[in-house]
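Heads up, the thing below is written out as structure tokens.
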Amino acid sequence: MSFIYLSMILMLAIFLGFELIRKVPATLHTPLMSGANAVSGITLIGAIAYSGNENLLLAQILGSVSVFLATINVVGGYMVTDRMLAMFKRK
Amino acid sequence: MLNTEFIINAVYVLSAALFILGLKLLSHPLTARRGNKLSAMGMLVAICVTLIDQNILAYEWILVAIVAGSAVGALIAKKVALTEMPEMVSLLNGVGGMASLLVALAMVEADSAIESYLLVIVLLAIAIGGITFSGSVIAWAKLSGKVAKLISSGSTVFAGQAVVNILIVIGIVILGILVVVYPQAANSAIYLYSFVTLCIVLGVMLVIPIGGADMPVVISLLNSYSGLAACAAGLAIDNNLLIVAGALVGASGIILTSVMCKAMNRSLTNVLFSGFQAVSTSEI
């Protein structure tokens, strides 16, 4: 895949991100931040490739620690967000 | 015949769509919870389909890391008190930043002959990841007050702090150039790890002057950084889902930060640098 093609994806995603969040009510600031934070744990899928590669021990260790940390980010992030939003509904 | 790479990328398109839809629903009160679930589903399918990648030779380490990470994440999410949510988000964000940093490091360690332009992006991922990590940890410490003796919840400013910060940035840039220009040098590892250390120090330096009340805005900004770190890591390892998801978080995080600043009737520069202004006025 060419670098220019990836840059094009990058640019479109940035504009989309701007448009999606334009008008968000103040009560949703923290849950939205938390939900977006969980999405940034997507690094996990990048880390998996290194964690599963036995050819280089140091890269494998770094990748595995990264998988561990990113999973905390993903699982913790989504669950915390869900707890916050559940509290919202009852009010 | 469908090959695995095609299947993986097709599923990535689906999970990118789920992330986008999830974020959209998350910004409306009635649909927010459903949005979060959709987004989580997007993440789940992305992880599952990544596991069928043919380049993966061994699953033991991956599975152990995923199981351990899930257990820790779930435990934290269940245990945390509702009043401690903002600092928990900050801590999780820092952990995510560190994960991006380590992926980028793994890439450098796995491949000794990386093209220069890719190396620049890898260093960018390391720098943003490092700043996100230490900045978020400091933000967590300030909000939770658990290490109040070491880090005050107010603004911590010392004489010449701005000069020190500038020197750190110059050091980061010089080390970065050394790593890119002399990737095969005998002490390139020293350059690289000094670069990592300085980036982590910079994150601390950037957040300590900011007062505790401004922390939610800072956390939102750092959250945006962690998206950008993931995005840079995606550009480096040629993964378009990482780029899309990272850029979404990066862009929406910046907008959210500015919305939060407006709600407080302040500007972002005011939030980030008011600690320094306080010092300069007291000296006069």
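Rule-based calculations on the coordinates, nothing more; no lab input. Keep in mind that what you see is a predicted model, and the values were worked out from it rather than measured. Glycine gets a Cβ as well: all are built from the backbone with ideal geometry, and neighbour counts include every protein chain shown.
Structure notes:
- Taking chain B and dividing mean pair separation by its residue count, relative contact order in percent (alpha carbons under 8 Å, at least six apart): 19
- Rg/Rh ratio calculated on Cα atoms of chain A (Kirkwood radius): 1.11
- Rounded to the nearest 10 degrees, the angle from helix A:57-90 to the longest Cα principal axis of chain A is 10 degrees.
- Charge dipole of the protein assembly as shown (Cα centre as origin; +1 on each Lys and Arg Cβ, -1 on each Asp and Glu Cβ, all else neutral): 1680 debye, rounded to the nearest 20.
- Chain A: relative contact order as a whole-number percent, Cα under 8 Å and 6+ apart: 30
- DSSP loop chymotrypsin sites (Phe, Trp or Tyr not before Pro) with at most 14 other Cβ within 10 Å excluded, longest remaining stretch of chain B: B:159-284
- Cα gyration tensor shape for the range B:145-284, rounded if a/c is under 1.5, else prolate or oblate: oblate
- Among B:H28, A:H29, the ranking by other beta carbons within 10 Å of each residue's beta carbon, starting with the fewest, stands as B:H28, A:H29.
- Take each residue in B:74-83, count the other chain C-beta atoms within 10 Å of its C-beta, and the mean is 4.
- Normalised by 2.2 N^0.38 Å, where N is the number of residues, the alpha-carbon radius of gyration of the protein assembly as shown equals 0.95.
- Our helix-only sum for the protein assembly as shown, with -39,500 (n - 2.57) per DSSP H run of n ≥ 4 divided by its residues, gives a mean residue ellipticity at 222 nm of -27500 deg cm²/dmol.
- Highest mobility in the GNM of chain B, judged by mean-square fluctuation with C-alpha springs under 10 Å and restricted to B:M43, B:M98, B:M215, is found for B:M43.
- Rounded to whole Å, sorted largest first: equivalent-ellipsoid semi-axes of the range B:1-77, Cα gyration tensor: 26, 20, 5
- Stretchable slack from B:V181 to B:Y193, in nm (0.36 nm times residue separation minus alpha-carbon distance): 2.8 nm
- Binned Cα-Cα distances of chain B, short to long, each 5 Å bin given as a whole percent: 1, 5, 10, 14, 17, 17, 13, 11, 7, 3, 1, 0, 0, 0, 0
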